[in-house]
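Computed from the coordinates by the stated procedures, all read-outs in this text should not be read as laboratory data. The model shown is predicted, which means the values in this text are computed figures rather than measured ones. Using ideal geometry, Cβ is built from the backbone for each residue, glycine included, and neighbour counts are taken over all protein chains shown.
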Amino acid sequence: MSYRRLTPEEIEDLRAEMRAAGEWCKAELAKRRRERGETNAVETSASPITNGEAFRSAPGDEQV
């Protein structure tokens, strides 16, 4: 079986699709918790990257 590398546009499209799916999942879970009356649900950040990980993971960016 042969594989090919994704183009930068395909990678960005995949990332956008994954972000949309993640947002839908979070909204669906929140809706289901509300329907069940679960009031002790923990709120999470909209971004899965925390504590400066986004800055450190950017290629070419150096912390001073």
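Coupling constants for the stretch 12-27 follow from the phi torsions by the Karplus curve (6.51 cos²θ - 1.76 cosθ + 1.60, θ = phi - 60°), and in residue order they are 5, 4, 5, 4, 4, 5, 5, 4, 4, 5, x, 5, 5, 4, 4, 5 Hz; glycine and proline get x. Distance between the pseudo-spin-label points of K31 and E12 (7 Å out from Cα toward the beta carbon): 3.0 nm.
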